[in-house]
Structure formats: C-alpha cells, structure tokens
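Worksheet: the structure to be examined is printed underneath.
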Amino acid sequence: MKQVANRLLVLTLFLFAACGQGQIKTQGNTMTKFEEFKNKEKFIQDDKLFYPGIGIPTLKRIYTEKINLAADDFKKLADNVTTTDKEYQNAIKKGLERFSGIYLQLDTEDRERICHYFEELMDIVGLESSGGHLNNFMYGFDPTPK
C-alpha cells in the first residue's frame, strides 16, 4: 500500500511539473538585453545574414519603431513571472500585424530581417516557437504540420 501511495505522489508531482512547462522564466539580465536590442541600429547591412540593408531607406525609421514596439511588448510580458508561451506568441502576432499597412512595401529581404528580429526577441526570453506567426508573415501560411 505504501508503494502505491509513493507512486501516486511521484506521479502527482510529475503532473504538476508538466503543467507549468508553458511558462517562461526570465533571466536576471533580460531587461538589459531588451534595452540593448532597442538601442542597436536596425535594418543595416549584415553580411552574416546576407542582408543587403533596407530596400527603401526612407522606411527605416518606421520599421525600427515597429520592431521596438514589439520589444516593448515582450519586455512588459517578461515583467510577469507567469507569462506563457502563448502570450509571447500573441505578442509576435500583434507585432507583425503592425506591418500590415506597409506589407506590400516590404521586399523579401526586409521581411526576412523582420522575422530575424522577432527571433532575437524570442531568444531573449527563451521562446522556442512563434506558433506559426513568423511563417504566416513570411510566406502567407504555416507549413508546419499541426
């Protein structure tokens, strides 16, 4: 009987641990990383990413503001210790929707660079998946099987 009780206790603890897996714990230097991200110059040539620089230079300020707003959204969520993956994924969706009014002005390289900036934000908080939002933005659909 005692063996059954111990197994139930272990199983219960395992289930509680599994339920919390959707939450992301922020690191101590997360807020500093957000500020560094916001302060760096964006949409400049990056040979490591084969990015030639922004296609339409007059849009650089607008694109940068939209990316920095997404960083602010992530930063607000990171302040909350119970933020879930889904909440970050919704922030990605909201951030990408900010580009909807100028989407047709984005060339392929700029869209890829925007996605890369969102991946940087995901890395800051340890988010592994955008929930398909980056693929939808880039390609118009999410090719990952559901």
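Remarks
- Pairs beyond 22 Å (Cα-Cα), from Lys48/Lys86; Lys33/Lys76; Lys48/Lys76; Lys40/Lys86; Lys60/Lys86; Lys60/Lys94: Lys48/Lys86; Lys48/Lys76; Lys40/Lys86; Lys60/Lys86
- Close amide H pairs (under 5 Å, H built 1.01 Å from N) link Tyr51 with Asp46, residues at least 5 positions away or on another chain.
- Farthest toward the positive end of the dipole of segment 95-135, out of Gly126, Thr108, Leu96, is the Cα of Leu96, where the dipole comes from beta carbon charges about the Cα centre.
- Counting protein heavy atoms only, segment 32-146 has 52 percent of its accessible area on carbon and sulfur, 1.4 angstrom probe.
- Summarising the label geometry, the points placed 7 Å from Cα in the beta-carbon direction at Thr108 and Gln45 lie 2.1 nm from one another.
- Mean shadow area of segment 55-146, taken as a quarter of the surface of its Cα convex hull (nm²): 5.9
- Between Ser100 and Arg61, the FRET efficiency estimated from the beta carbon spacing at R0 = 22 angstrom works out to 0.75.
- Chain lengthening between Thr82 and Asp123 when straightened (0.36 nm per residue, less Cα-Cα): 13.0 nm
The values are calculated or read from the model by the stated rules, or taken from the named source; none is laboratory data. Source: prediction; values computed, not measured. Neighbour counts are summed over all protein chains in view; Cβ atoms, including those assigned to glycine, are modelled from backbone coordinates with ideal geometry. Protein only, heavy atoms only, side chains kept; ligands, DNA and RNA dropped before computing areas. Shrake-Rupley method; radii C 1.70, N 1.55, O 1.52, S 1.80 Å.
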